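Okay, so here's the structure we're looking at.
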Amino acid sequence: MQLRIIIGLFGLAFGLLIVWASLTGDFWATGSFLTSDPWGIVSLVDLYLGLFLFVVIIALVERRPLAVLLWCLPLPFLGNLWTALWFVVRWHKIRDWAGHAVASVRGQEQKAL
């Protein structure tokens, strides 16, 4: 099975989990707990640090500033659900970019020898 399909399935499962939590949980009560507990704060900082690092990856892969903006603006609100969608939609572009990046690094390693 392709990794792209696996990422899409995990994204879909995560989306369903969000719907379930929205229908059964108390978002505001949980949010106030997260911001009052030290490990809740660590979890939120970890989440937003990861999203920021993902913004860097998007900025490296996407060439058009408007595309970077449109992919990055929803991240603080949709989190890794949006990340999974980006991977599924941009899979071929990511693979091309990664291939060029690896070739560039290998070329620099050869020059250093």
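In a reduced charge model with +1 at each Lys and Arg Cβ and -1 at each Asp and Glu Cβ, segment 3-112 shows a dipole moment near 640 debye about its Cα centre. Each of Ile57, Ile94 has some number of other Cβ atoms within 10 Å of its Cβ, and from fewest to most they run Ile57, Ile94.
Ranking Gly15, Leu60, Trp39 by how far each Cα lies toward the positive end of the dipole of the chain (charges on Cβ) leaves Leu60 at the top. Distance between the C-alpha centres of segment 19-34 and segment 57-104: 29 Å, rounded to the whole angstrom. Within segment 8-113, the trypsin sites (Lys or Arg not before Pro) that combine a DSSP coil assignment with at most 11 other C-beta atoms in a 10 angstrom radius are Arg63. Computed over segment 3-112, the P(r) curve from all C-alpha pair distances, binned at 10 Å from the origin, holds 12, 33, 32, 17, 5, 1 percent per bin.
Report summary: the helix-based calculation at 222 nm, which adds -39500 (n - 2.57) for every DSSP H run with n ≥ 4 and divides by the residues of the chain, gives -30000 deg cm²/dmol.
Every read-out reported here was derived from the displayed coordinates using simple, explicitly stated rules and does not represent laboratory data. The shown structure was predicted, so the numbers you read here are calculated from the model rather than taken from an experiment. Because the Cβ atoms are built from the backbone with ideal geometry, glycine has one as well, and the counts that use them run over all protein chains shown.
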